[in-house]
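For reference, the structure discussed in these notes is given below.
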Amino acid sequence: MTPTPLLALPFAGDPRLATAAVPNARWLVHCQLWQPQPSDHLTTGEHETAVVVLSGTFDLRAGSTAWPARGTRSTPFAGRPMAVFLPKHTEFHAANGQGEILLVAARQPAAPAAAAGRAQLAQKPLLPLAGSGKAFDPMSGDWRPAESFPTAAESLPPRRMQQLPAGGCTVERVLAPDYKAATLSLDEVVLAPQQTLRLAAVPGRPVADELLVFVRSRGAVRIGAALASGDSAWCVTGPAAIEGLELAAAAEPAYVLLAYAGKGPA
């Protein structure tokens with residue numbers, strides 16, 4: 001059966017954690033809107049997850065790494081994003097804050113034959129230096145940030161992100177295609193009223209098999225041939241459908257998150 005090129009993904013669940021599942025997808029698992037309680041946590045399960053703080057400020061922690069007071073915007077329309085990458089089977093905590101967090105989860109490709117020797121040790125932080133944030137990489141012989149290892153959770157502040165012009169829009173490249181995530185790349189953009197974003201015009205647009213589009217607007221937003229308002233999530237399947245997608249805001253601004261899944265050659 002040929003997948004539908006554009007599929008609406010309804011949110012279900014309580015206000016604390018609303019989930020839009022992606023049925024019959026190869027890579028994408030779900031999109032979640034999380035409103036953490038005063039001290040709250042969730043676990044990624046058998047997939048990698050990209051996290052964007054939509055609003056508010058939180059003390060965040062993943063595994064043994066903590067990032068206090070992260071997130072600076074009052075709404076996703078005001079200010080630059082702050083993101084976190086979570087490997088599979090990672091417990092993620094949010095505390096001492098009030099706001100909203102968006103999560104997109106995707107399956108990773110089948111793992112190659114298990115690395116051996118030093119190559120295996122280089123996948124995760126080794127001999128972390130207490131208080132330094134660094135760990136030893138046996139492949140290079142250097143001490144480098146523990147967060148940079150492939151199996152480690154990592155915080156991505158705005159200074160790690162590119163701002164790219166696309167027509168009259170400015171796209172935030174939250175997770176670049178060459179980032180360590182095995183499956184996901186992430187862009188964010190705010191459309192002004194009456195503004196259109198053509199994905200074909202996005203510089204260095206990640207090559208992907210699937211695309212999850214999350215949109216928030218008080219007005220109507222055109223997503224391909226569909227119309228939406230409020231919070232909505234959509235799955236776009238196939239490189240041609242992704243390249244040809246257009247999003248247009250009507251009378252109100254629209255916040256858009258683009259999660260590309262299934263990395264391919266540029």
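Filter region 2-27 for residues that are modelled with pLDDT under 95 and among the hydroxyl-bearing types (Ser, Thr, Tyr); which is farthest from Thr43 (Cα to Cα)?
Filtering region 2-27 for residues that are modelled with pLDDT under 95 and among the hydroxyl-bearing types (Ser, Thr, Tyr), the one farthest from Thr43 (Cα to Cα) comes out as Thr2.
Of all residues in region 197-249, how many are of a type in the set (Asp, Glu), closer than 25 Å to Arg107 by Cα and either in contact with a Gly (Cβ under 9 Å, 6 or more places away or on another chain) or crowded, with 19+ Cβ neighbours inside 10 Å (or both)?
Of the residues in region 197-249, the ones of a type in the set (Asp, Glu) are 209-210, 231, 243, 246.
Checking the rest, the ones that are also closer than 25 Å to Arg107 by Cα come to 209-210, 231, 243.
Cutting the leftovers down to either in contact with a Gly (Cβ under 9 Å, 6 or more places away or on another chain) or crowded, with 19+ Cβ neighbours inside 10 Å (or both) gives us 209-210.
Total meeting the criteria: 2.
Within region 209-221, can one find any residue that is closer than 23 Å to Val53 by Cβ, within 19 Å of the chain's Cα centre (by Cα) and of a type in the set (Val, Ile, Thr)?
Yes, some residue in region 209-221 is closer than 23 Å to Val53 by Cβ, within 19 Å of the chain's Cα centre (by Cα) and of a type in the set (Val, Ile, Thr).
How many residues are more than 17 Å from Phe85 (Cβ to Cβ) and of a type in the set (S, T, N, Q) if we restrict to region 1-57?
Residues in region 1-57 being more than 17 Å from Phe85 (Cβ to Cβ) and of a type in the set (S, T, N, Q): 9 in total.
Just a yes or no: is a residue in region 35-49 at positive phi and at pLDDT 95 or above? I'd like the intermediate steps shown before the answer.
Step one: of region 35-49, the residues at positive phi are 45.
After this cut, where a residue has to be at pLDDT 95 or above as well, the list is none.
Scanning region 35-49, I find no residue that is at positive phi and at pLDDT 95 or above, so the answer is no.
If you take the residues in region 7-36 that are in a strand (DSSP E or B) and not hydrophobic (A, V, I, L, M, F, W, C), which one is surrounded by the fewest Cβ atoms within 10 Å (Cβ to Cβ)? Walk me through how you get there before you give the answer.
Of all residues in region 7-36, those in a strand (DSSP E or B) come to 7-9, 12, 17-21, 28-34.
Cutting the leftovers down to not hydrophobic (A, V, I, L, M, F, W, C) gives us 19, 30, 32.
Numbers: Thr19: 19, His30: 21, Gln32: 22.
Among them, the one singled out is Thr19.
Can you name the residue in region 198-219 that is more than 21 Å from Leu102 (Cα to Cα) and among the hydrophobic types (A, V, I, L, M, F, W, C) and is also modelled with the lowest pLDDT among such residues?
Selected residue: Val207.
Among the strands (runs of 3 or more DSSP E) confined wholly to region 136-196, which include 1 or more residues that are modelled with pLDDT under 90 and surrounded by fewer than 19 Cβ atoms within 10 Å (Cβ to Cβ)? Give the derivation first.
Numbers: elements: 142-145, 154-156, 162-166, 169-175, 184-191.
Per the criteria, 142-145.
Which of the residues that make up region 36-82 are within 22 Å of Ala106 (Cβ to Cβ), touching a Lys or Arg at 6+ places or on another chain (Cβ under 7 Å) and among the polar types (S, T, N, Q)?
Answer for region 36-82, where residues must be within 22 Å of Ala106 (Cβ to Cβ), touching a Lys or Arg at 6+ places or on another chain (Cβ under 7 Å) and among the polar types (S, T, N, Q): just Thr44.
Among the candidates Ala208, Ala240, Ala228, Ala248, which residue alone is in a strand (DSSP E or B) and closer than 22 Å to Ala25 by Cβ? Steps first, please.
Details: Ala208 fails: in a strand (DSSP E or B); Ala240 fails: in a strand (DSSP E or B); Ala248 fails: closer than 22 Å to Ala25 by Cβ.
The conditions single out Ala228.
Within the set of pairs 6+ apart or on separate chains, which have a first residue in region 47-65 that is in contact (Cβ under 8 Å) with a residue 40 or more places away in the chain and closer than 30 Å to Arg26 by Cα, a second that is of a type in the set (S, T, N, Q) and surrounded by 23 or more Cβ atoms within 10 Å (Cβ to Cβ), and C-beta atoms under 9 Å apart?
These pairs meet every condition: His47/Thr183; Glu48/Thr183; Ala50/Ser185.
So Tyr260 passes all but one of these: (1) assigned to a loop (DSSP other than H, G, I, E, B); (2) under 24 Å from Leu86 (Cα atoms). Which condition number does it fail?
(1)
Taking the condition of being surrounded by fewer than 18 Cβ atoms within 10 Å (Cβ to Cβ), under 17 Å from the mean Cα position of the chain (by Cα) and assigned to a loop (DSSP other than H, G, I, E, B), how many residues in region 37-72 meet it?
Residues in region 37-72 being surrounded by fewer than 18 Cβ atoms within 10 Å (Cβ to Cβ), under 17 Å from the mean Cα position of the chain (by Cα) and assigned to a loop (DSSP other than H, G, I, E, B): 2 in total.
Inspect region 75-91 for any residue being out of contact with any Cys (no Cβ under 8 Å at 6 or more places or on another chain), assigned to a strand (DSSP E or B) and of a type outside the set (A, V, I, L, M) and give the result as yes or no. Steps first, please.
Here is the first cut: in region 75-91, the residues out of contact with any Cys (no Cβ under 8 Å at 6 or more places or on another chain) are 75-91.
If we keep only those that are assigned to a strand (DSSP E or B) too, we end up with 83-86, 91.
Next cut, of a type outside the set (A, V, I, L, M) only: 85, 91.
Yes, there is a match, as at least one residue in region 75-91 is out of contact with any Cys (no Cβ under 8 Å at 6 or more places or on another chain), assigned to a strand (DSSP E or B) and of a type outside the set (A, V, I, L, M).
Could you identify the single residue in Ala233, Ala208, Ala220 that is in contact with a helix residue (DSSP H, G or I) (Cβ under 8 Å, 6 or more places away or on another chain) and of a type in the set (Gly, Ala, Ser)?
Result: Ala208 is the single residue among Ala233, Ala208, Ala220 that is in contact with a helix residue (DSSP H, G or I) (Cβ under 8 Å, 6 or more places away or on another chain) and of a type in the set (Gly, Ala, Ser).
The values are calculated or read from the model by the stated rules, or taken from the named source; none is laboratory data. This is a predicted model, so every value here is computed, not measured. With ideal geometry, Cβ positions are generated from the backbone for all residues, glycine too; neighbour counts draw on all protein chains shown.
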